[in-house]
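Values quoted throughout were computed directly from the atomic coordinates according to the rules given, and no laboratory measurement underlies them. Because the structure is a prediction, the values reported are computed rather than measured. Glycine also receives a Cβ, built like all others from the backbone with ideal geometry; neighbour counts cover every protein chain displayed.
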Ligand code: M7G
């Protein structure tokens, strides 16, 4: 959508995502995009947003900024850019498939005004800078509605019944609106009399007009020898891969630029269809920025005639967009920060004067099902997402807080489980919602290797564990890949994961466990598997709430934990050692579990491993060392801290995350920042105070335990 994002000179940046509009502070570009929150007021997909253009500019000067930073108390959340107070009165307009045009306050996310006069889905909105009472919106049926907010009246205009792609108010001529449509025409419509009057029909583009940008200075002298003072120039970008500049006085094209054919397209002998966004630069009207088919941002000098008249913005450390930028908007002080939003789902900020990237932010197009830090490089976190892409976030990079690499090749479904290989660096296993299990090498450009055996439905768990040594596993193999789905555990061996040998089936490991313990385990509907850290034992969770502990080398049952009442979603072993107890943690034989019964249990298995009983005897546990009843819906993931003994985080469908001190039996904090079910959590491997959580709101959030409130459950339950 051509109007899916917008920025203003105050330093606000907004974009629509599903039914919400996210608001960011970009007033200090070097500190990145800082999320201020989101507006949840639409009932269907948001397609277009516009910030009030003449929002009183109150960006801090450098001196003031330093002063505020120094004085900032820990409670002052807005210390590094826009203050919450300074945002009072800032307005944003948004519209979408629910056919409602809404105006709301950015500071409080409260509704101010709205209208519901469209008869088709809204595709674009524009706010008039010369008269902020005027808002234009266009829809799929070709209708433009001009809303006068003061008189609360609507004027309608339609030329053709065609999809409207983009609109833009002229910053120099009152109530002059440019309208770009599917067939390639641009209409100039004068609304100054209150109703729409067609001034010019700009013909030339052969395909959809996707973007419009008015020249920041009035007049046409820059490109035309005869200056029409009362007129101005407009640039348009189209799917026909051309950028055109038009004189509004004559309604004629004065300049044509063709997008270069990228090398990749040349190699493939194809011309990919592209999206051409344009943005005229405020600090130098000779310059225009456009997107390109390979994701680069191109800088065009309009005064250079034919030939080589463009250069490329420099992304450096931040990696350029991998796909074309859909939107380019200018904002921040002087309009000198460019914000681009690309098909690759990344947002980037650029300095318009130096043509360098300033920061980038990845956005996610689906639920976040799983997050796991690499055991060999704890700063590297794999994120499995419902948009069929795995992100690997290198959180150790001090130069770029969002150093993220996306892996999408060969992944055709939602990524529901990930697991790093315990000893081979960069080897990541994943499972998908269509039952597929595969292994990816993040340091090679090779396609993932997929197992020949599938689950019928979602893969909930993938885990590397010692090979069972049964038929099919080679002698030399130490680790196999295990996956859990459809209540069974599969063991994938090197042979079943081979590209060439697709006939070798994975081993049904849950059946193997039943066979080895025929007397004790009659039925095993497995939902989870997890090895302890010296790999001597593993726990299997089941759909009836039972947790079984087996010996790795003999596959014999060691213990049965019958405490939970419903399906087990997660079982986690306490680390052998933590940063506080490097020579061995006092909690090392603890096992935590959570599931659909909402209660978090921690059991002490030292009686199993401490050889206080004969190994022949199976330990039966019917009560836990500690249980916590904070969650009000199913628990989906838990994680022990690698830094502190007995510190645990849990997340659940109630959208809450809790950090627990299991030794003391108390909650240390509660995090309420997410909106929607939580599915996964991790302690940062780098900073003991940092926690990462994610779920169905498609946000990965990193937060500090020390900055969250302690929950008030009344009396903490201790056993
Ligand atoms: P679902 O299958 O998408 O939906 O599971 P439903 O159970 O509500 O029908 C939702 C979430 O519950 C998953 O993301 C998991 O966190 C958890 N979950 C559900 N099942 C059936 C399992 C399971 O068999 N094993 C594990 N480990 N988690 C599960």
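Here are the numbers:
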item: Spin-label pair residue 45/residue 511, simplified geometry with 7 Å Cα→Cβ offset, distance in nm; result: 4.4 nm
item: Viscosity 1.306 mPa s, 10 °C: Kirkwood-radius Stokes-Einstein D of the chain over Cα pairs, µm²/s; result: 56 µm²/s
item: Over the chain, relative contact order from alpha-carbon pairs under 8 Å, at least 6 apart, %; result: 6 percent
item: Centroid-to-centroid separation of segment 511-552 and segment 309-373 [C-alpha atoms, Å]; result: 47 Å
item: Estimated [θ] at 222 nm from DSSP helical runs (n ≥ 4, -39500 (n - 2.57)) normalised by residues in the chain, nearest 500; result: -1000 deg cm²/dmol
item: Which of 232, 370 has the fewest Cβ neighbours within 10 Å, and the rest in rising order; result: 232, 370
item: Contour excess over end-to-end distance, with Cα ends at residue 519 and residue 30 and 0.36 nm allotted per residue; result: 169.6 nm
item: Label-to-label distance, nm, for residues given as residue 18 and residue 544 (7 Å Cα→Cβ offset); result: 3.7 nm
item: Beta bridges per DSSP with both ends in segment 524-642, % antiparallel, nearest 5; result: 90 percent
item: Global geometry of segment 337-470, whether rounded, prolate or oblate, following the gyration tensor of its Cα atoms and the 1.5 cut on a/c; result: prolate
item: Segment 82-183 shape via C-alpha gyration tensor axes, a/c threshold 1.5; result: prolate
item: Added length on full extension, which subtracts the Cα-Cα distance from 0.36 nm per residue, residue 119 to residue 198; result: 26.3 nm
item: Förster-model FRET efficiency, 25 Å R0, residue 304 and residue 160, C-beta, rounded to 0.05; result: 0.10
item: Translational diffusion coefficient (Stokes-Einstein; Kirkwood radius from C-alpha pairs) of segment 283-410 at 10 °C, 1.306 mPa s, in µm²/s; result: 99 µm²/s
item: Percent of Cα pairs exceeding the 19 Å cut-off, where the set is segment 484-599; result: 52 percent
item: Once the Cα gyration tensor of segment 80-132 is diagonalised, semi-axes √(5λ) in Å; result: 25, 12, 10
item: Residues residue 606 and residue 666, FRET efficiency given R0 of 22 Å [Cβ-Cβ distance, rounded to 0.05]; result: 0.50
item: Simple spin-label estimate for residue 498 and residue 707 in nanometres, 7 Å along Cα-Cβ; result: 5.2 nm
item: Footprinting exposure proxy for 430, 197, 653 (fewest neighbouring C-beta atoms within 10 Å first); result: 197, 653, 430
item: Computed FRET value (nearest 0.05) for residue 250 with residue 217, which takes r as the C-beta separation and R₀ as 22 Å; result: 0.75
item: Segment 502-569: Rg to Rh, with Rh as the Kirkwood radius over Cα pairs; result: 0.99
item: For segment 660-701: rounded, prolate or oblate by the Cα gyration tensor [a/c cutoff 1.5]; result: oblate
